[in-house]
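Notes follow once the structure below has been shown.
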């Protein structure tokens, strides 16, 4: 089981690194038609968009099941409440920085006013490149509020399968042109609001719970379903020559990451069992939120001054990651190995605090 925990930690770290590099290209880079490097950077960013948020929800499900659902609500409610509060604070920091530096969805840079600050604080305006933190907050708050039902669900394999299927099928039931309030969009999605709806993406949280509860590694049934999901995504792209809807997520978008995420899970797990270790990935895994909160404002600020060729824009992302490493190394104690599940709580969920 310890190998499985380490696998999840390393996946989180890879997702963080991939997200920072993707944001760097999106904010600082330019797409050059016909340029091979530009096309590769765009493909990398599109792939990152497909798997990053889904992967984080999977890791949340795994970590919360392993660290919290084996205990009583009374024993963990304080940690969950603190984690939710810190995630909300992290969103506010990132969102306010985005409001200061980034143009609005109309492409206009508006001055920072008290009205705009209030809109951010009241979640009336969901800031770009920060909305994923808000979804993490809602997921953690929901885990606290519905702890007992989720705990019971984590012990029912068929219950988790049905819940996951329901989350995926909800993308077919909720009208794509529905325009809810920003608050409701955080739950069910909207074309008007850039948000990662918790209801549809719950399939990945439940999948993480399933993998944690049953110690899933290679499973031919999981492999088949995962391959079919990613195959449907590839088939959609081949037929329509465009990606399926991301905001709100269509069923093809939701299923598209399954095969890729499962392949990453198996590959990283294989490396771990062969004795591979990385102190850099361990550091990132234990300080996930720190890396995200440090990198976002820095990239936002740089985007007002820099517009780069594709490869240099990605290299700036590498420098930002190195800067985050430097800061974390200074303010945090050295990484130590984790041996028991109780200690692993600090690795899987405590890094959000």
Mind checking which of 226, 278, 154 has the largest fluctuation in a GNM of the chain, springs on alpha carbons under 10 Å? 278
Using only DSSP helix segments of four residues or longer, with each worth -39500 (n - 2.57), what per-residue ellipticity at 222 nm results for the chain after dividing by its residue count and rounding to 500? -24000 deg cm²/dmol
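Mind running the shape call on segment 163-312? Use the C-alpha gyration tensor, a ≥ b ≥ c as the square roots of the eigenvalues: rounded below 1.5 for a/c, prolate if a/b tops b/c, oblate otherwise.
Verdict is oblate for segment 163-312.
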Taking the Cα-to-Cβ direction at residue 172 and at residue 192 and moving 7 Å from each Cα, how far apart do the two end points lie in nm? 2.7 nm
Taking 0.36 nm per residue of sequence separation and subtracting the Cα-Cα distance, how much length would be gained by fully extending the chain between residue 221 and residue 158, in nm to one decimal? 21.3 nm
Restricting to Cα pairs under 8 Å and 6 or more apart, the percent relative contact order of the chain works out to 33 percent
Based only on other Cβ atoms within 10 Å, what is the fewest-to-most ordering of 204, 101? 101, 204
For Kirkwood radius over Cα pairs in Å, several values are listed as (i) 20.0; (ii) 22.7; (iii) 20.8; flag the one computed from this structure. (iii)
Would you order 177, 9, 125 from fewest to most other beta-carbon atoms within 10 Å of each residue's own beta-carbon? 177, 125, 9
Can you give the alpha-carbon Rg of segment 280-320 over 2.2 N^0.38 Å, where N counts its residues? 1.31
Within the set 160, 19, 114, GNM on the chain using Cα springs under 10 Å gives the largest fluctuation to 114
Cα→Cβ-extended label distance, 7 Å offset, between residue 306 and residue 325, nm: 1.7 nm
Relative exposure of 250, 72, judged by other C-beta atoms within 10 Å (fewest first): 72, 250
Segment 30-90 and segment 195-255: distance between their alpha carbon centers, rounded to Å: 15 Å
Quick one: among 199, 225, 173, which has the greatest mean-square fluctuation in a GNM of the chain with alpha-carbon springs under 10 angstrom? 173
Give me the extension gain from residue 243 to residue 81: residue separation times 0.36 nm, minus the current Cα-Cα distance, reported in nm with one decimal. 54.6 nm
Please give the FRET efficiency for residue 280 paired with residue 93, using the beta carbon to beta carbon distance and R0 = 25 Å, rounded to the nearest 0.05. 0.55
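Every read-out reported here was derived from the displayed coordinates using simple, explicitly stated rules and does not represent laboratory data. The shown structure was predicted, so the numbers you read here are calculated from the model rather than taken from an experiment. No Cβ is skipped: glycine too gets one built from the backbone with ideal geometry, and neighbour counts run over all protein chains shown.
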